[in-house]
Amino acid sequence: MLGKYQVDPIIDRWHVDPDFVIEMFQDIQDKFRFIPQEALNRVAERTGKPRGVLFHIATFYKAFSLEQRGRQEIQICTGTACYVKGAPDVLAAFERELNIKSGETTTDKMFTLSEVRCVGACGLAPVVVVGDDVIGGVSPSMASEIVKKYSKEG
Ligand code: FES
């Protein structure tokens, strides 16, 4: 019984060949934006490659994620310069606004919230990075406005 992450066509595209599991993972990652557990199990079952090996591959390569991420990643810099300028309060404000904790993804898969250590823009502290945008001088009261702006862009 297969669920919503149907990957047989991808496995077939690579001729069920265990030498092409990385290519299969690339296609799976492209399709779902992560490697669902169910998909990993299916690749193991059909190619005969041990699940442990597949798990290692999925965690080793940065291009692969075993957890579904949001369409937008909001990263709060908690490096020293940002920390002393109020990064913990900024982080708390985003956690409240998104109703998730750092490291989590919203249930609508729109945002993933995470922390980074110094993005090299200490002069702009406290800094928040959304996608390719570096936003400086962020105060807790700006969280809602930033989330709104990127909800539209997502
Ligand atoms: S500590 Fe935040 S940018 Fe350097």
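The values are calculated or read from the model by the stated rules, or taken from the named source; none is laboratory data. Only a predicted model underlies this, so the values are computations on that prediction, with no experimental measurement involved. All Cβ positions, glycine included, derive from the backbone under ideal geometry; neighbour counts span all protein chains shown. Just so you know, the surface numbers come from the protein's heavy atoms only, side chains and all, with ligands and any DNA or RNA stripped out. Shrake-Rupley method; radii C 1.70, N 1.55, O 1.52, S 1.80 Å.
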Worksheet item: Just to be sure, is E38 acidic (D, E) and in contact (Cβ under 8 Å) with a residue 12 or more places away in the chain?
Response: yes
Worksheet item: Can you find even one residue in region 52-70 that is of a type outside the set (D, E, K, R) and more than 21 Å from W14 (Cβ to Cβ)?
Response: yes
Worksheet item: Just for region 137-154: of the residues that are part of a helix (DSSP H, G or I) and small (G, A, S), which one is nearest to the chain's Cα centre (by Cα)?
Response: S151
Discussion item. Residues to consider are V119, V84; find the one that is within 16 Å of the ligand (Cβ to nearest atom), closer than 22 Å to Y150 by Cα and open to solvent by 20 Å² or more (accessible area, probe 1.4 Å).
Written reply: V119
Fill in: Whichever residue in region 66-81 is over 15 Å from the mean Cα position of the chain (by Cα) and of a type in the set (V, I, T) and, among such residues, is least open to solvent (accessible area, probe 1.4 Å)
T78
Discussion item. Considering only residues that are open to solvent by 20 Å² or more (accessible area, probe 1.4 Å) and farther than 21 Å from K109 by Cβ, which ones fall in region 32-46?
Written reply: N41, R42, E45, R46
Item to complete: Tell me which residues, restricted to region 88-116, are in contact (Cβ under 8 Å) with a residue 40 or more places away in the chain, within 16 Å of the ligand (Cβ to nearest atom), part of a helix (DSSP H, G or I) and in contact with a strand residue (DSSP E or B) (Cβ under 8 Å, 6 or more places away or on another chain).
Response: V90, F94
Worksheet item: Could we say that A63 is of a type in the set (A, V, I, L, M, F, W, C) and more than 15 Å from the chain's Cα centre (by Cα) here?
Response: no
Practice prompt. Working carefully through the options V119, V134, find the one that is in contact with a helix residue (DSSP H, G or I) (Cβ under 9 Å, 6 or more places away or on another chain), in a loop (DSSP other than H, G, I, E, B) and of a type outside the set (D, E, K, R).
Written response: V119
Item to complete: Could you please find all residues in region 137-151 being under 15 Å from G86 (Cβ atoms) and either loosely packed, with under 15 Cβ neighbours inside 10 Å or not assigned by TED's automatic domain parsing to the domain that holds K85 (or both)?
Response: G137, S139, S141
Discussion item. Of everything in region 119-154, what is on the phi > 0 side of the Ramachandran plot and at pLDDT 95 or above? Give them in sequence order.
Written reply: G120, G137
